[in-house]
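See below for the structure under consideration.
Here, each number is a calculation from the coordinates, and none is a lab measurement. Just so it is clear, the structure is predicted and the values come from calculations on it, not from any experiment. For neighbour counting, all protein chains shown are included, and Cβ atoms are generated from backbone atoms with ideal geometry for every residue, glycine included.
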């Protein structure tokens with residue numbers, strides 16, 4: 001597939017025929033997805049070509065408009081991207097990978113306060129430039145939007161995008177998490193979102209030097225031996241193998257994930273070492289090894 005972008009227009013020339021192309025087009029026409037750019041179809045040298053256009057004066061490139069957005073607007077856009085993934089897949093035929101999420105090709109409708117994108121009627125994977133996958137492109141666009149948020153919220157979006165890419169979070173859970181960033185969701189995107197699950201995490205250690213107990217709630221929780229930086233401090237009399245900033249636990253939508261911070265002696269879950277900066281979910285009764293300190297993981301209902 002060849003992709004060409006010029007002023008107010010993105011065109012896709014299909015190199016090979018797709019037997020499901022016509023079905024996909026019919027589904028897109030029936031769905032009437034509000035965030036889909038209008039398109040026209042033509043034949044070029046016997047090949048299918050779709051040309052998506054920003055046809056009205058209040059539709060502009062997102063990259064040109066975003067610097068003037070408020071924090072609430074940015075959160076709405078992040079929410080809308082995930083919501084659109086879910087919407088496109090509701091028909092049971094098309095996949096979210098049909099959405100062209102190249103940041104420089106995304107438009108914004110100032111009247112509807114909504115993103116406008118090309119959505120293609122294909123069943124195969126997009127061929128982005130430089131072998132970038134759909135998920136990498138989706139993640140890159142999410143992070144560019146998040147860069148306009150305060151640093152703590154931007155970091156939370158980065159982790160959320162990582163979890164979606166790794167398949168560790170469902171679309172509905174991601175929508176709930178975006179909604180918890182503290183900004184209102186616009187009327188266009190509003191829906192019935194699930195409340196944050198009322199769960200806390202406890203980490204229990206018992207050894208020859210005594211007991212350690214940490215309680216992790218709905219914020220980032222760092223474990224290490226640096227009393228100034230860590231939320232959960234492991235004193236040197238318990239272990240000299242723990243790094244100053246060893247690992248980080250993040251709560252998202254009632255789930256808890258641990259991330260090794262490139263520690264010297266590693267972080268393990270049930271004996272499996274976590275590669276630096278990757279996220280692994282913690283389940284009830286897991287064994288979390290912070291170097292040579294083994295915590296029993298307990299997920300519990302929050303006291304009312």
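Sketch the reach of a paramagnetic label on residue 45 as a point 7 Å from Cα along Cα-to-Cβ, and name the residues of the range 1-27 whose backbone nitrogen lies under 19 Å away. The answer is 1-6, 11-18.
Relative to the present Cα-Cα distance, how much length would full extension add between residue 237 and residue 165 at 0.36 nm per residue of separation?
Numbers: separation 72, 0.36 × 72 = 25.92 nm, distance 3.97 nm.
In short, 22.0 nm is gained.
When peptides 55-62, 69-76 are ranked by their average number of other Cβ atoms within 10 Å per residue, the highest-first order is 69-76, 55-62. Counting 0.36 nm for each residue step from residue 292 to residue 32 and taking away their Cα separation leaves a gain of 87.9 nm. Report note on the peptides 166-172, 271-277, 78-84: ranked by the mean count of other C-beta atoms within 10 Å, highest first, their order is 78-84, 166-172, 271-277.
In nm, what is the difference between 0.36 nm times the number of residues separating residue 278 and residue 104 and their Cα-Cα distance? Mind showing how you got there, number by number?
On the way: separation 174, 0.36 × 174 = 62.64 nm, distance 2.81 nm.
So the extension gain works out to 59.8 nm.
Treat the range 2-179 as a sphere of radius equal to its Kirkwood radius over Cα pairs and apply Stokes-Einstein at 20 °C in a medium of 1.002 mPa s; give the translational diffusion coefficient in µm²/s, rounded to a whole number. The partial results should precede the final answer.
On the way: Rh = 16.9 Å.
Roughly 127 µm²/s, to the nearest whole number.
How far is the Cα center of the range 135-180 from the Cα center of the range 28-95, in Å? If we compute the Cα centre of each part, the gap is 19 Å.
Let's test the formula: R0 of 41 Å, r as the Cβ-Cβ distance of residue 3 and residue 213. What FRET efficiency results, to the nearest 0.05? Can you show the working numbers first?
On the way: r = 55 Å, r/R0 = 1.34.
Calculated value: 0.15.
Multiplying each eigenvalue of the alpha-carbon gyration tensor of the range 199-301 by 5 and taking the square root yields semi-axes of 19, 15, 13 Å, largest first, rounded to whole angstroms. Take the Cα of residue 112, step 7 Å toward its Cβ, do the same at residue 227, and the gap between the two points is 5.8 nm. Expressed as a fraction of 2.2 N^0.38 Å, the C-alpha radius of gyration for the range 9-85 is 1.37.
Arranged from highest to lowest average of other beta-carbon atoms within 10 Å per residue, in what order do the peptides 28-35, 94-101, 42-49 appear? Can you show the working numbers first?
Values: 28-35: 14.1, 94-101: 21.9, 42-49: 11.5.
In descending order of packing, they fall as 94-101, 28-35, 42-49.
Just checking the listed ones, 208, 219, 158: in the Gaussian network model of the chain with Cα springs under 10 Å, the one fluctuating most is 208. With percent of Cα pairs over 30 Å apart as the read-out, I listed (1) 43; (2) 34; (3) 56; which label goes with the value calculated from this structure? Matching the structure shown: (1).
Binning the C-alpha pair distances of the range 20-61 at 10 Å intervals from 0 yields a P(r) profile of 22, 49, 26, 3 %, listed from the shortest bin outward.
Treating r as the C-beta distance of residue 265 and residue 71 and R0 as 41 Å, the FRET efficiency rounds to 0.55.
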